[in-house]
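Q: A single structure is presented below for examination.
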Amino acid sequence: MQDIQPLEAVMRGFPPAPDGIIHANNWFELPYLRWSLMNRARMVRTVPVWRGDGPVAHLGRKEQSIAHTPVTGLDGRTVPLESLLASVEIDACIVLHQGKIVYEEYFHGMQPHTQHGSASISKSYAAALAGILAYEGLLDFNREAAYYVDEMRGTAMGDATLQQLLDMQVGIVRPGLQSRAEGLGPQDGGVFEIIGLAEPGPSSPKNFYEFILRKERSGEHGVRFYYDNGPPEALAWVMKRVCGATLSDLVSKYLFAPLGMERDGSYSIDSTGAEFAAGGLQLTLRDLARFGEALRCEGFWNGRQIIPASFIHEVRRGGNREMFSQSRFAAAMPGGSYHNSFYVAHDDVGGFMASGRYGQRLYVSPQAELVVAHFASAPGPSPHPFERPYVRLHRELAELFRS
């Protein structure tokens, strides 16, 4: 991994120096990645997610410092917490115990008001929204996507149920995109081209609707865990069609405003204005933690039931562990599963997690009364070498606060 420039030299000056300019072939490498994740609105089109006009939900503080708490380092030796955070490219980290902040630190120029890319944590926000809409009777997870969006009829994901979309059990395959930069990898399947973070090739989809409709079929639904950006994009289309509203407005109404978020968020969008539902949500660290605290408290937060408790109980029950065991994710979370767009550990602290590329994590342990949220800028191939250290860190913190 080559650190070409210090972060301070990236995109600085009027104009910036040539080797400090971010472009489609370097934004996913350090040090450019870190600037990109903290400045997404300066790179691509975005729309705001309004926090609403209500009061901010207060996060109390405990007089407790865990900065020097011993945890397991990358080499297996014991190191202070902050040393590990530095070694795994953390930009900001917050730890809540019993709803109060016991640790909150920002690194590499990030600040409490900075919006940071959450990557695939966005999927979990969309899933929580779907859970709310289902509770209100607007969605039925047992119905197929094409029941709600006729344009999907006859397409690869059209006859998948909403539950199969949420659980990544859809029989699809990613089309080959040979023109993409090597560092992007195949998982993103054209989404970076759609929002303008990569140069589009002749076969690249032009927007998220085309991305959904052009997905290719591979096998049956419900027989394997196949992680892809297609299912959450299809789910987002269903929710927008049913509600007659944009995803950003729905997330504002049903999540950001009732959660008492401190700042507006934002979504990266395509040329039609459609939000990048699978990975385009940007928000602040404390607001990510507020979402986590609502999950820990079975959806009750800020004086009201925001996310149905039944949805969170279902998340915690977990998904098909056999399917999960055959995926690349099982190495970091053996015995785990994936359900309703969350990773479930099936351990004695009840751990479950929303996870995003480059080191974005939201971890919840109800038994330890713990929420851990962190943003990071950790480039690398998939599976990422920090996946196991992140999982181990969360578990060790849960053990610390459960005792």
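Q: With every protein chain left in place and a probe of 1.4 Å, what is the accessible surface of T246, to the nearest 10 Å²?
A: Here the accessible area works out near 60 Å².
Q: Just G299, G318, G201 to compare: in a GNM of the chain, with alpha carbon springs under 10 Å, which one fluctuates most?
A: G201
Q: While we're on this one: What translational D, rounded to a whole number of µm²/s, comes out for the stretch 185-273 from Stokes-Einstein when the hydrodynamic radius is the Kirkwood one over Cα pairs, at 4 °C and 1.567 mPa s?
A: So the translational diffusion coefficient is about 87 µm²/s.
Q: What is the Cα centroid distance between the stretch 121-161 and the stretch 340-359, reported in whole angstrom?
A: Taking the Cα centre of the stretch 340-359 as reference, the centre of the stretch 121-161 is 22 Å away.
Q: A further question follows. With +1 assigned to the C-beta of every Lys and Arg and -1 to the C-beta of every Asp and Glu, and no other charges, what is the dipole magnitude of the chain about the Cα centre in debye, to the nearest 20?
A: So the dipole magnitude of the chain works out to roughly 280 debye.
Q: Please say if the chain is rounded, prolate or oblate, where rounded means a/c under 1.5 for a ≥ b ≥ c the square roots of the C-alpha gyration tensor eigenvalues, and otherwise the choice is prolate for a/b larger than b/c and oblate otherwise?
A: Rounded, because the longest to shortest axis ratio a/c is under 1.5.
Q: Run the helix sum for the chain: -39,500 (n - 2.57) per DSSP H stretch of 4+ residues, divided by residue count, reported at 222 nm to the nearest 500 deg cm²/dmol.
A: Helix contribution divided over all residues of the chain: -7500 deg cm²/dmol.
Q: According to the square roots a ≥ b ≥ c of the eigenvalues of the Cα gyration tensor, what is the shape class of the stretch 212-336, taking rounded for a/c under 1.5, prolate for a/b larger than b/c otherwise, and oblate for the remainder?
A: Note, shape of the stretch 212-336 comes out oblate.
Q: Let me ask something additional. With the dipole of the stretch 4-68 worked out from charges on the C-beta (+1 for Lys and Arg, -1 for Asp and Glu) around the Cα centre, which of A24, A41, H68 lies farthest toward the positive end?
A: A41
Q: Then there is this: Rounded if a/c is under 1.5, else prolate if a/b is larger than b/c, else oblate: which is the stretch 1-128, with a ≥ b ≥ c the root eigenvalues of its Cα gyration tensor?
A: oblate
Q: Could I ask something else about it? From the residues A309, M353, G299, which one has its Cα farthest along the dipole of the stretch 291-361 in the positive direction, the dipole being from +1 and -1 charges on Cβ of Lys/Arg and Asp/Glu about the Cα centre?
A: Going by the charge dipole, the pick is M353.
Q: Same structure, new question: Between the stretch 64-91 and the stretch 278-299, what is the separation of their alpha carbon centroids in Å?
A: Using only Cα atoms, the two centres lie 23 Å from each other.
Q: Between Rg and the Kirkwood Rh of the stretch 246-403, both from Cα atoms, what is the Rg to Rh ratio?
A: Using Cα coordinates only, the ratio equals 0.96.
Q: Which order do peptides 237-245, 47-55, 343-351, 87-95 fall in by mean Cβ count within 10 Å, highest first?
A: 87-95, 343-351, 237-245, 47-55
The values are calculated or read from the model by the stated rules, or taken from the named source; none is laboratory data. Owing to the predicted nature of the structure, the values given are computational and were not obtained by experimental measurement. Every residue, glycine among them, receives a Cβ derived from its backbone with ideal geometry; neighbour counts consider all protein chains shown. Note: accessible area is taken over every heavy atom of the protein model, side chains too, but ligands, DNA and RNA are not part of it. Shrake-Rupley method; radii C 1.70, N 1.55, O 1.52, S 1.80 Å.
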